[in-house]
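Participant: Here's a structure for you.
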Amino acid sequence: MAEIKLNAEVRTEFGKGAARRSRRANLVPAVIYGHGAESVHISLPAHELQLALRTANVLIGLEIDGKDALVIPKAVQRNALKGNIEHVDLLTVKRGEKVNVEVAVHVEGELAPGGNLLEYVMNTLLVEAEATHIPNSVTVSIAGLDAGASILAKDIPMPSGSVLAEADPDAVVLAVVAAQSEEPSAEGDAEGSEA
């Protein structure tokens, strides 16, 4: 995964009024924490941050007052109506350090014929990976699976350098169910004809 570089400014003002002023200036309030260090409050350029966060589990290289910091987004707060970013929590990481992140589950292939449906019980999996090599997603084949089949977390192949960190490796991630067909019942037809 490529590292995205952003310039950050240290925030000296706090509270709702200061946050609103930052947002009007096209800056997003953020906080950096981790490794037992004291939290650092910063502002990030809104547009560049929005573009960076399009990639899940993006690795961000920050320059703060001439110092470099490597972070990953931990929590992103968005405006419920407009969808723009209001605040970001960032976690400090070091090169070579292992982190636990949620990655999307993608499927490939076609189910067995017969009108079967694929149910996503879990859309993401908790994966442990090196901070500089976080996978964007995990991919699993559903080719030929029939109704009643399921794929467990432990059955999904992990990308190189990643391991499953899910608490329950036997958790069902994907299930194949038979499509329900609606057939008119005899009672329903009789009631309809009486009216």
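The values are calculated or read from the model by the stated rules, or taken from the named source; none is laboratory data. Here the structure is a predicted model, which means the values were calculated and not measured. Cβ sites come from the backbone with ideal geometry, for glycine too, and all protein chains shown count toward neighbours. Each accessible area value is taken on the protein alone, full model and side chains, heavy atoms only, with ligands, DNA and RNA left out. Shrake-Rupley method; radii C 1.70, N 1.55, O 1.52, S 1.80 Å.
Participant: Return the only residue of Lys94, Lys82 being at pLDDT below 85 and of a type in the set (Lys, Arg). Give the derivation first.
Facilitator: Values: Lys94 fails: at pLDDT below 85.
Testing whether each residue is at pLDDT below 85 and of a type in the set (Lys, Arg) leaves just Lys82.
Participant: A follow-up question, please. Yes or no: region 12-24 includes at least one residue that is of a type in the set (Val, Ile, Thr) and crowded, with 18+ Cβ neighbours inside 10 Å. Walk me through how you get there before you give the answer.
Facilitator: Within region 12-24, the subset of a type in the set (Val, Ile, Thr) is 12.
Of the ones still in play, those that are also crowded, with 18+ Cβ neighbours inside 10 Å are none.
The answer is no, given that none of the residues of region 12-24 is of a type in the set (Val, Ile, Thr) and crowded, with 18+ Cβ neighbours inside 10 Å.
Participant: In region 70-92, which residues are within 23 Å of Ile134 (Cα to Cα), without any contact (Cβ under 8 Å) to a residue 40 or more places away in the chain and aliphatic (A, V, I, L, M)?
Facilitator: Of everything in region 70-92, those that are within 23 Å of Ile134 (Cα to Cα), without any contact (Cβ under 8 Å) to a residue 40 or more places away in the chain and aliphatic (A, V, I, L, M) turn out to be Val71, Ala75, Val76.
Participant: Check off (1) touching a Ser or Thr at 6+ places or on another chain (Cβ under 9 Å); (2) farther than 21 Å from Ala104 by Cβ; (3) open to solvent by less than 100 Å² (accessible area, probe 1.4 Å); (4) not in a strand (DSSP E or B) for Leu70 and give me the number that stays unchecked.
Facilitator: The failed condition is (4).
Participant: Out of region 163-195, which residues are open to solvent by 60 Å² or more (accessible area, probe 1.4 Å), modelled with pLDDT under 85 and outside any loop (DSSP other than H, G, I, E, B)?
Facilitator: Going residue by residue through region 163-195, those that are open to solvent by 60 Å² or more (accessible area, probe 1.4 Å) are 163, 167-168, 170, 180-187, 189, 191, 193-195.
After this cut, where a residue has to be modelled with pLDDT under 85 as well, the list is 167-168, 180-187, 189, 191, 193-195.
Within region 163-195, Ala186, Glu187, Asp189, Glu191, Ser193, Glu194 meet the criteria.
Participant: Taking the conditions exactly as written (more than 30 Å from Leu145 (Cα to Cα) and surrounded by 15 or more Cβ atoms within 10 Å (Cβ to Cβ)), does Val40 satisfy them or not? Full working, then the answer.
Facilitator: Working: more than 30 Å from Leu145 (Cα to Cα): yes; surrounded by 15 or more Cβ atoms within 10 Å (Cβ to Cβ): yes.
For Val40, the condition - more than 30 Å from Leu145 (Cα to Cα) and surrounded by 15 or more Cβ atoms within 10 Å (Cβ to Cβ) - is met.
Participant: Further question on the same structure: Here is a check on your reading of the model: is Glu48 assigned to a strand (DSSP E or B) and open to solvent by 10 Å² or more (accessible area, probe 1.4 Å)?
Facilitator: Details: assigned to a strand (DSSP E or B): no; open to solvent by 10 Å² or more (accessible area, probe 1.4 Å): yes.
So Glu48 fails the test.
Participant: For region 1-29: of the residues being touching a helix residue (DSSP H, G or I) at 6+ places or on another chain (Cβ under 8 Å) and within 24 Å of Lys98 (Cα to Cα), which is modelled with the lowest pLDDT? Spell out how you get there, then give the answer.
Facilitator: Restricting attention to region 1-29, the residues satisfying the condition of being touching a helix residue (DSSP H, G or I) at 6+ places or on another chain (Cβ under 8 Å) are 1, 3-4, 6, 11, 13, 23, 26-29.
Restricting the remaining residues to those that are within 24 Å of Lys98 (Cα to Cα) gives 1, 3-4, 6.
On the way: Met1: 56, Glu3: 77, Ile4: 81, Leu6: 85.
Looking at the filtered set, the residue picked out is Met1.
Participant: What do you reckon, is Leu126 assigned to a strand (DSSP E or B) and in contact with a Phe, Trp or Tyr (Cβ under 8 Å, 6 or more places away or on another chain)?
Facilitator: It is false that Leu126 is assigned to a strand (DSSP E or B) and in contact with a Phe, Trp or Tyr (Cβ under 8 Å, 6 or more places away or on another chain).
Participant: Do we have any residue at all in region 108-126 that's open to solvent by less than 30 Å² (accessible area, probe 1.4 Å) and more than 30 Å from Ala179 (Cα to Cα)?
Facilitator: First, pick out the residues of region 108-126 that are open to solvent by less than 30 Å² (accessible area, probe 1.4 Å): 112, 116, 125.
This time we only want the ones that are more than 30 Å from Ala179 (Cα to Cα), so: none.
Looking through region 108-126, none of the residues is open to solvent by less than 30 Å² (accessible area, probe 1.4 Å) and more than 30 Å from Ala179 (Cα to Cα).
Participant: For Gly144, indicate whether it is part of a strand (DSSP E or B), touching a residue at least 24 places away in the same chain (Cβ under 8 Å) and either of a type in the set (Gly, Ala, Ser) or more than 26 Å from Val10 (Cα to Cα) (or both).
Facilitator: Details: part of a strand (DSSP E or B): no; touching a residue at least 24 places away in the same chain (Cβ under 8 Å): yes; either of a type in the set (Gly, Ala, Ser) or more than 26 Å from Val10 (Cα to Cα) (or both): yes.
Here the answer is no, as Gly144 does not meet what is asked.
Participant: Hey, another quick one. Looking only at region 148-162, filter to residues that are within 11 Å of Leu125 (Cα to Cα) and under 18 Å from the mean Cα position of the chain (by Cα); which one of those is most open to solvent (accessible area, probe 1.4 Å)?
Facilitator: By that ranking, first place goes to Met158.
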